[in-house]
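Inspection log for the structure reproduced underneath, given as structure tokens.
The values are calculated or read from the model by the stated rules, or taken from the named source; none is laboratory data. Predicted, not measured: the structure shown is a model, and the values here were computed from it. Cβ placement follows ideal geometry from the backbone for every residue including glycine, while neighbour counts extend to all protein chains displayed. The protein model used for the area step is the full one, side chains on, heavy atoms only, and it has no ligands, DNA or RNA in it. Shrake-Rupley method; radii C 1.70, N 1.55, O 1.52, S 1.80 Å.
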Amino acid sequence: AIKRAEAALGIAQELDDTDLIVLAHYRLATALHHLGNYRAATISADKARELVDTKMDRRLFRFGGLVYSFCCSFQAWGLAELGELRRAEAAGRLGMELAEQAKHGYSISVASFGLATGYLASEQWDAAIAVLGRGLEQMELHGVNAAFGWVGARLAYAFAAAGRVEQGDLGDLEAQVGGVGAAAGDGRPHLDGEAGGGQLSAGEVDRDRH
């Protein structure tokens, strides 16, 4: 996936097509992210955001939603994994606010799991539950289940961590929207640094509690 994204980025740059360059940076960011290379992933997402901010409109609509919000969400997730929780919340809030302003349900769902990851990492259970609940609410309305694994797993984890286990059973909703995605994991931020030896700075997050 990384090689293909890098190839797409090279083609887009050769064509000097800003739209395609933004999309290629986003795809490269997600590929790097899923391999645990959070630092490189956040950098690639930031390049996409910078291009949109300087040459385009944040309401750029591609891949079924607001690409800027998508970038913010994965950037927030990656920054949370790296222990940079203030930056994670700032990126996550920006993506969520843009999606809400556009009143676009799928973008809200995607934005919710990035913002919530930072809340989970800092043990802000109620804040995580609120934003994930918003994402899940929109998912019920638009019926697109692509983000359910990331949203649903985090919400169930947040309920459990907050001592509200009885509210964390999302089985009925899972059946309604078609099941949890394979990439769902257990909902917790990994907080294990990035591939290649990166790790959280001492004192930023108590890793044993996550």
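Below 8 Å between Cα atoms, with a sequence gap of 6+, how large is the relative contact order for region 90-151 in percent? This gives 35 percent for region 90-151. Expressed per residue, the C-alpha convex hull volume of region 5-141 stands at 92 Å³.
The portion of the accessible surface of region 1-74 made up by carbon and sulfur, rounded to a whole percent, is 52 (1.4 Å probe; DNA, RNA and ligands excluded).
Overall form of region 1-50: oblate. Here a/c, set by the Cα gyration tensor axes a ≥ b ≥ c, is 1.5 or more, and a/b is not larger than b/c. Sorted largest first, the spans of the alpha carbon positions of region 55-123 along the three principal axes are 31, 25, 18 Å. Each peptide among 52-58, 4-10, 37-43 gets the average number of other Cβ atoms lying within 10 Å of its residues, and from highest to lowest they stand as 37-43, 4-10, 52-58.
Grouping the Cα pair distances of region 73-158 into 5 Å bins from zero gives a pair-distance distribution of 3, 19, 30, 27, 16, 5, 1 percent in increasing distance order. The relative contact order of region 54-166 comes to 22 percent, based on Cα pairs under 8 Å that sit 6 or more residues apart. Of all lysines in the structure, the ones whose alpha carbon falls short of 19 Å from that of residue 55, not counting any fewer than 8 places away in one chain, are 47.
Once the C-beta distance of residue 3 and residue 165 is scaled by a Förster radius of 41 Å, the resulting FRET efficiency is 0.45 to the nearest 0.05.
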